[in-house]
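A.B. asks: This is the structure, below, for whatever I ask next.
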Amino acid sequence: MKKKILFWITNDFTEFCIAHNLQNNSNYELYAIIDVPYNTQKFFEKQTLVKFEKVWFFHDHIKKDFVPNLKYLESFEEKYDITLWQLSINERMFYRFYDFHNYGKQEIQSIAEQSCKLFENILENITPNFFISKIPGFFHLEILKNMCEKNKISVLIPFVPKLGYKIMISGDPRTINSKHEVLDSEIKNRTFEELQNSLKNSKTREQIKDYLDGQGKKKGLINAALKFIFSKNNSIKNRYTYYGRNKFKVILFMLKLVFRDRSRKNFIDSNFEKNPVKHSPFVYFPMGVDLERNILIGAPYFTNQVEVIRSIAKSIPINFELWIKENPANSTRSWRSISDYEQIMNLPNVKMIHPEASNYKLIKECSLVATIAGSSGLEGAVFEKPSIIFSDTLYSQLSCVTRVKEMENLPKIINSSLKQKVNSKEIDKFLKLIEKNSFNFDRLGFTTAQTDTFFFGGSLLDTEIDEKIMEKFLQQNSEVIETISIEYEKQIMS
């Protein structure tokens with residue numbers, strides 16, 4: 001019997017590339033849900049590179065005038081054990097970040113219901129064996145992922161497992177899909193210094209920096225602007241993620257961003273410490289990127305980082321300071337408001353650190369790492385430092401990591417964690433487990449190659465795709481695509 005594979009395909013064409021390779025296996029039936037802007041959808045309506053059994057265009061099923069049925073939504077929540085408001089309120093498109101459209105309660109319920117009904121229809125219609133998708137960033141994709149899990153459909157998601165230039169395939173980025181266990185004989189009992197060198201050699205930070213530097217160059221910005229101004233944009237009418245936009249509003253918004261970014265960056269450069277000097281023991285809190293999955297979906301009740309910082313500042317011992325480092329990747333989210341930074345800096349026991357300061361140096365000097373959902377907790381363990389986290393993560397299983405669930409227990413948790421010892425053998429085994437269950441793949445580099453080829457370096461996503469250019473892209477990147485496709489086949493056939 002053929003195995004049915006359902007793909008979720010977005011402007012990140014990685015899943016489309018995988019489908020292109022897997023179609024050569026006669027044992028598979030391929031289906032796809034396409035979630036792309038209007039102009040990009042034209043390519044998928046006509047393309048002949050991948051032969052899907054059936055395709056659904058997600059946004060064609062989301063109508064503006066649809067009146068929600070609350071009884072259906074109530075029964076859906078009970079059936080799939082999903083709290084829709086938790087996902088909806090944390091949806092970044094509803095977060096007012098883009099300032100184009102005020103999504104009302106009924107409108108959000110309408111979008112949620114139409115998404116749920118479409119997904120139920122698809123899953124009942126084809127009963128897939130596997131669901132292949134990117135890491136869910138939007139609430140509707142997280143809903144579908146949870147539905148697949150409830151229906152015992154194997155979910156396969158690629159994610160970067162805290163080690164540079166590697167990728168892991170799992171049903172959830174918070175868990176290791178342990179196809180390969182680590183034997184005691186394989187543990188090298190590396191010292192902390194050896195573990196630190198191993199982590200540095202994986203070049204995780206360098207990979208992220210290279211990606212952010214590329215994003216900052218705004219390649220193709222002028223051509224993207226001209227294309228945007230002189231072409232039709234039907235996404236405004238039929239994509240809920242584009243509601244309220246028009247060319248004038250977008251151009252005004254982008255101009256506003258330029259001045260706002262400059263003002264905020266000037267504030268950061270003038271007020272944050274680039275080379276902080278340690279006078280007291282301190283807890284280190286590297287901030288996460290706002291409006292990203294790690295926090296919005298991974299830590300749904302700790303999305304206000306200013307309040308989390310305030311709670312930590314209240315809970316540390318009297319002789320301690322709390323050092324806060326802004327995330328350099330938050331430049332992609334226009335930094336934070338100056339008022340947010342001022343609230344943090346007004347706390348008497350808090351020191352604000354510049355985003356360019358060395359993360360490793362700060363971890364090495366601190367007594368405890370605190371992070372909502374970031375990789376700094378694992379890096380802390382490698383540097384022999386315990387950590388507290390506010391969500392379940394890939395490394396939650398480590399004994400030196402404490403998960404915070406209730407803020408009122410934070411003082412006790414911090415005091416207890418400060419006494420926690422880190423076991424180098426445990427860390428060695430965990431890193432070995434990641435290495436055995438991951439493979440070499442530059443996910444960020446492959447994403448950059450796609451945005452440079454199709455989307456003016458990421459400056460304009462609603463573009464028409466030429467099939468010949470896509471075919472050339474597939475040929476030029478055939479080795480990379482073959483690498484990840486083979487790993488997917490291993491998961492499917494296991």
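A.B. asks: Restricting attention to region 185-199, report how many residues are modelled with pLDDT under 90 and either touching a His at 6+ places or on another chain (Cβ under 8 Å) or not in a helix (DSSP H, G or I) (or both).
C.D. replies: Result for region 185-199: 3.
A.B. asks: Scan region 380-392 residue by residue and report those that are out of contact with any strand residue (DSSP E or B) (no Cβ under 8 Å at 6 or more places or on another chain) and in a helix (DSSP H, G or I).
C.D. replies: V382
A.B. asks: Still on this structure, I have one more. Scanning for something open to solvent by 20 Å² or more (accessible area, probe 1.4 Å) and in a helix (DSSP H, G or I), does region 456-463 turn up at least one residue?
C.D. replies: yes
A.B. asks: For region 303-360: of the residues being among the aromatic types (F, W, Y) and on the phi < 0 side of the Ramachandran plot, which is modelled with the lowest pLDDT? Steps first, answer last, please.
C.D. replies: So in region 303-360, the residues among the aromatic types (F, W, Y) come out as 320, 323, 335, 341, 360.
Of the ones still in play, those that are also on the phi < 0 side of the Ramachandran plot are 320, 323, 341, 360.
Numbers: F320: 98, W323: 98, Y341: 98, Y360: 92.
Ranking the qualifying residues of region 303-360, first place goes to Y360.
A.B. asks: For V404, work out the one condition from (1) in contact with a helix residue (DSSP H, G or I) (Cβ under 7 Å, 6 or more places away or on another chain); (2) over 30 Å from S315 (Cβ atoms) it doesn't fulfil.
C.D. replies: (2)
A.B. asks: Any chance you could count how many residues in region 351-374 are among the small types (G, A, S) and under 21 Å from S311 (Cα atoms)? Don't jump to the end; show me each part of the working.
C.D. replies: Residues of region 351-374 among the small types (G, A, S): 357-358, 367, 370, 373-374.
Now drop any that are not under 21 Å from S311 (Cα atoms), which leaves 367, 370, 373-374.
Looking only at that region, the number is 4.
A.B. asks: Considering E78, E45, which residue is within 25 Å of N238 (Cβ to Cβ) and among the acidic types (D, E)?
C.D. replies: Details: E78 fails: within 25 Å of N238 (Cβ to Cβ).
Within the list E78, E45, the selection yields E45.
A.B. asks: Within region 424-434, which residues are open to solvent by 60 Å² or more (accessible area, probe 1.4 Å) and touching a helix residue (DSSP H, G or I) at 6+ places or on another chain (Cβ under 9 Å)? Walk me through it before giving the result.
C.D. replies: Taking region 424-434 as the starting set, the residues that turn out to be open to solvent by 60 Å² or more (accessible area, probe 1.4 Å) are 425, 429.
K429 - this is the single residue of region 424-434 that is open to solvent by 60 Å² or more (accessible area, probe 1.4 Å) and touching a helix residue (DSSP H, G or I) at 6+ places or on another chain (Cβ under 9 Å).
A.B. asks: OK, next. Anything in region 36-48 that is part of a loop (DSSP other than H, G, I, E, B) and open to solvent by less than 20 Å² (accessible area, probe 1.4 Å)? List them, or say none.
C.D. replies: So the first thing to find is which residues in region 36-48 are part of a loop (DSSP other than H, G, I, E, B), and the list is 36-37, 47-48.
Across region 36-48, the qualifying residues are V36, P37.
A.B. asks: Go through the residues of region 476-491 one by one and say whether even a single one is part of a helix (DSSP H, G or I), open to solvent by 80 Å² or more (accessible area, probe 1.4 Å) and in contact with a Lys or Arg (Cβ under 8 Å, 6 or more places away or on another chain).
C.D. replies: yes
A.B. asks: If you check I18 against the conditions, is it within 30 Å of T451 (Cα to Cα), aliphatic (A, V, I, L, M) and surrounded by 16 or more Cβ atoms within 10 Å (Cβ to Cβ)?
C.D. replies: Numbers: within 30 Å of T451 (Cα to Cα): yes; aliphatic (A, V, I, L, M): yes; surrounded by 16 or more Cβ atoms within 10 Å (Cβ to Cβ): yes.
Here the answer is yes, as I18 does meet what is asked.
A.B. asks: Filter region 65-101 down to residues that are among the basic types (K, R) and open to solvent by 60 Å² or more (accessible area, probe 1.4 Å) and give me whichever is nearest to R260 (Cα to Cα).
C.D. replies: We begin by selecting, within region 65-101, every residue among the basic types (K, R); these are 71, 79, 92, 96.
With open to solvent by 60 Å² or more (accessible area, probe 1.4 Å) added as a condition, the list becomes 71, 79, 96.
Details: K71: 44, K79: 45, R96: 16 Å.
Only one residue fits best here, namely R96.
A.B. asks: Looking only at region 217-239, decide whether some residue is open to solvent by less than 50 Å² (accessible area, probe 1.4 Å), part of a helix (DSSP H, G or I) and at pLDDT 85 or above.
C.D. replies: No, every residue in region 217-239 fails to be open to solvent by less than 50 Å² (accessible area, probe 1.4 Å), part of a helix (DSSP H, G or I) and at pLDDT 85 or above.
A.B. asks: Whether any residue in region 393-409 is open to solvent by less than 20 Å² (accessible area, probe 1.4 Å) and either closer than 29 Å to P37 by Cβ or out of contact with any strand residue (DSSP E or B) (no Cβ under 9 Å at 6 or more places or on another chain) (or both) is what I want to check. Full working, then the answer.
C.D. replies: Initially, region 393-409 is screened for residues open to solvent by less than 20 Å² (accessible area, probe 1.4 Å), giving 393-395, 398, 400-401, 404.
When the remaining residues are screened for being either closer than 29 Å to P37 by Cβ or out of contact with any strand residue (DSSP E or B) (no Cβ under 9 Å at 6 or more places or on another chain) (or both), the result is none.
No: zero hits.
A.B. asks: Here are some residues: I167, I132. Which one is touching a Pro at 6+ places or on another chain (Cβ under 7 Å), modelled with pLDDT of 90 or more, buried (at least 19 other Cβ atoms within 10 Å of the Cβ) and farther than 24 Å from Y72 by Cα?
C.D. replies: Working: I132 fails: touching a Pro at 6+ places or on another chain (Cβ under 7 Å).
Within the list I167, I132, the selection yields I167.
A.B. asks: If T451 meets every condition in (1) open to solvent by less than 40 Å² (accessible area, probe 1.4 Å); (2) modelled with pLDDT of 95 or more; (3) in a helix (DSSP H, G or I) apart from one, which number is that one?
C.D. replies: (2)
The values are calculated or read from the model by the stated rules, or taken from the named source; none is laboratory data. Note that the coordinates shown come from a computational prediction; the quantities given were computed from them, not determined experimentally. FYI the Cβ positions are ideal-geometry reconstructions off the backbone, even for glycines, and counts take in every protein chain you see. Side chains included, ligands, DNA and RNA excluded: accessible areas come from the protein's heavy atoms. Shrake-Rupley method; radii C 1.70, N 1.55, O 1.52, S 1.80 Å.
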